[in-house]
Amino acid sequence: MEVLTSELAAGPEPSIEVRSRKHPVLALASRRVMQGLVTVFLVSVVVFLATEVLPGNAAYSILGRSATPESIHKLELQLHLDQGIVAQYWYWFSGILRGDLGTSMSNGQSVTALVSARFLNSAVLVLLAGFFGTLVGVLAGAIAALRRDRPFDHALSISSLALTALPEFVIAIGLVLLFATNVFHWLPAISLLPPGTTPLSRPHVLVLPVATLVLVIFPYIARMMRAAMIEALESDYVEMARLQGISAKRILFFQALPNSIAPTIQVIGLNFLYLAGGIVVVEYIFDYPGIGQALVSAVNNRDIPVIQFIVVVLAAVYVVVNIVTDVVALIGSPRRRYAQ
Amino acid sequence: MTAEIRTSAEDVLAPKIRGQWRAILSRVVRTKRGATGLALTAVVVLVAIVGPFFSPYSPTALVALPFQRPSATYLLGTDALGRDVLSRVLSGGWLLLCMALAATILGVCIGAAAGISAAYIKGRADGLIMRSADVLLAFPQLVFALLLVSIAGPKLWLIVLAVALGHAPQVARVIRAAALDVSERPYVRAVEIQGVPRRKVMYSEILPNLVTPLMVEAGLRMTYSIVVMAGLAFLGFGQAPPDPNWGIMINENRVGLQSNPWAVVVPALLISLLTIGTNTFTDAVARVAIGVERQPVELTTVVAGGQE
């Protein structure tokens with residue numbers, strides 16, 4: 001909080017004194033965290049208002065034709081529909097903060113119980129896909145840059161153009177066709193997890209979902225890595241190192257590679273952002289019990305509390321990843337730390 | 001005075017924009033990538049538009065047993081309910097295409113208007129517009145569409161609006177960055193001093209200079225529109241069930257992947273050719289227009305989106 005006030009007091013153009021007093025990474029991080037909190041708050045307001053403008057009475061639309069005046073009244077009390085909109089919002093938002101997410105409208109289960117296990121499953125999927133996607137992307141990009149205009153480079157260029165255009169579900173169906181149902185029968189076409197088991201205990205069900213997401217994200221990372229690596233290889237400092245007689249391997253690993261990963265971090269972050277939304281379709285296709293699949297069924301059942309919560313959480317994840325990316329990118333490139 | 005400028009703006013600048021579009025496009029189609037992209041897109045568009053007139057059966061009629069393999073009577077076999085796959089493929093594209101096109105146009109227009117206004121008016125309007133963009137950007141595009149659909153049901157106009165609103169903030173960011181540069185140029189200042197209204201300045205002076213980023217954005221958004229539209233249809237939020245749609249077909253027929261894979265493969269192939277076509281074409285446009293051999297298309301988005 002102190003950081004914030006000094007930031008505000010400094011005004012739009014911080015004096016040199018302020019800048020030197022505070023570490024620039026810290027300054028950016030604190031500014032971003034504040035912006036992020038405001039964004040998440042606004043997102044929650046948008047989600048809440050959007051779901052509150054349900055045409056007709058929410059209680060009636062949930063109970064349907066079987067509604068009686070008594071049951072409608074009971075549900076209205078349960079949903080706090082008898083109170084003002086600000087009070088309703090506050091009740092809902094403070095519930096989220098307390099970890100009390102209300103009850104699912106379709107089965108009366110508590111939303112917290114419904115989503116907590118699924119969160120873990122989705123997190124496993126996102127982290128694995130993000131890790132392998134980054135690994136493949138960075139490697140492919142670096143190799144393409146080293147072998148510029150050779151067959152590998154061209155193959156990567158063409159295939160990334162195609163892969164970045166394809167919808168996730170088409171890639172997923174292609175993989176299922178190839179590895180599960182028609183050509184080979186190596187892997188399960190759907191990734192069912194019996195309740196109580198974690199995805200890591202049954203790694204074979206993770207292969208196709210993770211592979212789908214890796215194929216979606218790695219081309220972006222590879223392209224950026226290639227461009228950054230070529231720029232690094234053509235730079236003066238690499239030229240200077242060459243003239244000094246430093247071995248090509250040393251130059252590659254200690255100069256070109258670290259300097260091209262820094263600009264690539266932004267793109268890696270963007271791809272984690274994509275994954276937050278991309279899991280929806282992929283989990284649905286593979287019947288993988290994560291929050292994406294829960295969101296789709298909640299939308300089908302118009303299960304408002306579940307929708308509200310998952311959407312707010314995905315948005316919050318998005319904001320957090322954005323902040324982390326900015327800070328990591330800043331740490332990774334010292335030059336930009338002082339650029340205002 | 002103003003009248004004079006108005007006529008000059010409309011007579012001189014409008015053809016200039018059209019000329020720019022044409023000049024870039026004619027160079028694009030002469031590149032290998034541009035021609036390939038255009039050809040792929042054209043084939044699928046042709047299938048989608050002409051297809052309904054050639055469908056051998058009604059796309060909703062139950063004609064045979066489910067998941068029959070291709071035969072002389074049913075060239076691509078039958079689907080999960082025993083309908084003719086070929087007929088459904090031929091009729092299942094045009095609405096998807098129209099909706100994607102509508103969402104792209106709407107999204108690019110809203111985004112461009114917001115981006116130019118933010119860059120030119122500056123101050124509070126800029127802050128307000130870009131903060132709203134930030135909030136919208138925090139929703140993954142498909143999730144945002146799902147949220148809207150959950151509120152009002154899967155209505156077609158709502159899906160178009162949802163996809164367009166998902167595009168708008170991203171377009172706004174790119175266009176704002178480009179417009180900031182243009183709005184500082186001396187001739188814009190010169191026109192301002194003559195007392196030309198702001199709206200006129202934005203429309204007649206700034207917009208014509210944003211043709212290249214707008215073209216690249218429009219192409220990029222078209223690809224994403226198709227991807228998101230088809231994805232929503234795949235998830236069951238598109239046309240109502242009996243109507244054919246390539247996205248829905250892939251989902252409803254994937255249980256029969258082993259009996260009749262064509263019911264899934266053909267619609268998936270058409271969607272793929274279409275998005276690869278538009279993406280390749282856009283890539284060619286970006287290369288020609290911006291002249292960046294090494295800069296990938298999404299980098300322009302990344303750079304503009306990565307800052308503040």
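The values are calculated or read from the model by the stated rules, or taken from the named source; none is laboratory data. For clarity, every value in this text was computed on a predicted model and none was experimentally measured. All Cβ positions, even for glycine, are placed from backbone atoms using ideal geometry, and neighbour counts span all protein chains on display. With ligands, DNA and RNA removed, areas are computed over all heavy atoms of the protein, side chains included. Shrake-Rupley method; radii C 1.70, N 1.55, O 1.52, S 1.80 Å.
Kindly list the number of the only condition in (1) at pLDDT below 90; (2) of a type outside the set (A, V, I, L, M); (3) open to solvent by 30 Å² or more (accessible area, probe 1.4 Å) that fails for A:Asp153.
A:Asp153 satisfies all of (1) at pLDDT below 90; (2) of a type outside the set (A, V, I, L, M); (3) open to solvent by 30 Å² or more (accessible area, probe 1.4 Å) except (3).
A:Leu177: hydrophobic (A, V, I, L, M, F, W, C), surrounded by 14 or more Cβ atoms within 10 Å (Cβ to Cβ) and either over 23 Å from B:Ile226 (Cβ atoms) or under 26 Å from the mean Cα position of the chain (by Cα) (or both), yes or no? I'd like the intermediate steps shown before the answer.
On the way: hydrophobic (A, V, I, L, M, F, W, C): yes; surrounded by 14 or more Cβ atoms within 10 Å (Cβ to Cβ): yes; either over 23 Å from B:Ile226 (Cβ atoms) or under 26 Å from the mean Cα position of the chain (by Cα) (or both): no.
When the stated conditions are applied, A:Leu177 does not pass them.
With a cut-off of at least 2 residues that are under 22 Å from A:Val214 (Cα atoms), name the helices (runs of 4 or more DSSP H) lying wholly within segment A:246-340. Let's see the steps before the verdict.
Numbers: elements: A:248-251, A:257-286, A:291-301, A:304-332, A:334-337.
Once the helices (runs of 4 or more DSSP H) in segment A:246-340 are filtered for at least 2 residues that are under 22 Å from A:Val214 (Cα atoms), what remains is A:257-286, A:291-301, A:304-332.
Which of the residues that make up segment A:182-196 are out of contact with any Pro (no Cβ under 8 Å at 6 or more places or on another chain) and crowded, with 19+ Cβ neighbours inside 10 Å?
A:Ala189
To keep it simple, each residue is scored yes or no on (1) within 14 Å of another protein chain (Cβ to nearest Cβ); (2) farther than 23 Å from B:Cys98 by Cβ; (3) in contact with a Ser or Thr (Cβ under 6 Å, 6 or more places away or on another chain).
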site: B:Trp157; (1), (2), (3): no, no, no
site: B:Ile226; (1), (2), (3): yes, no, yes
site: B:Val255; (1), (2), (3): yes, yes, no
site: B:Ala263; (1), (2), (3): yes, yes, no
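Restricting to segment B:104-146, what's the tally of residues that are within 12 Å of chain A (Cβ to nearest Cβ) and in contact (Cβ under 8 Å) with a residue 12 or more places away in the chain?
Qualifying residue count, segment B:104-146: 12.
Residues are listed down the side, and each one gets a yes or a no for (1) in contact (Cβ under 8 Å) with a residue 40 or more places away in the chain; (2) within 22 Å of B:Leu214 (Cα to Cα); (3) assigned to a loop (DSSP other than H, G, I, E, B); (4) not small (Gly, Ala, Ser):
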residue: B:Gly19; (1), (2), (3), (4): no, yes, no, no
residue: B:Thr36; (1), (2), (3), (4): yes, yes, no, yes
residue: B:Phe53; (1), (2), (3), (4): no, no, no, yes
residue: B:Ser58; (1), (2), (3), (4): no, no, yes, no
residue: B:Pro66; (1), (2), (3), (4): yes, no, yes, yes
residue: B:Pro70; (1), (2), (3), (4): yes, no, yes, yes
residue: B:Leu75; (1), (2), (3), (4): no, no, yes, yes
residue: B:Cys98; (1), (2), (3), (4): no, yes, no, yes
residue: B:Leu101; (1), (2), (3), (4): yes, yes, no, yes
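Which residue out of A:Thr164, A:Thr198 is touching a residue at least 12 places away in the same chain (Cβ under 8 Å), more than 10 Å from every other protein chain (Cβ to nearest Cβ), of a type in the set (Val, Ile, Thr) and on the phi < 0 side of the Ramachandran plot?
Working: A:Thr164 fails: more than 10 Å from every other protein chain (Cβ to nearest Cβ).
Residue meeting the stated conditions: A:Thr198.
Residue-wise test of (1) under 25 Å from B:Ala233 (Cβ atoms); (2) hydrophobic (A, V, I, L, M, F, W, C).
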| residue | (1), (2) |
| --- | --- |
| A:Glu168 | yes, no |
| A:Phe184 | no, yes |
| A:Ile190 | yes, yes |
| A:Leu193 | no, yes |
| A:Thr197 | no, no |
| A:Pro203 | no, no |
| A:Val214 | yes, yes |
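Taking segment A:197-234, which residues are part of a helix (DSSP H, G or I), surrounded by fewer than 21 Cβ atoms within 10 Å (Cβ to Cβ) and not hydrophobic (A, V, I, L, M, F, W, C)?
A:Ser201, A:His204, A:Glu231
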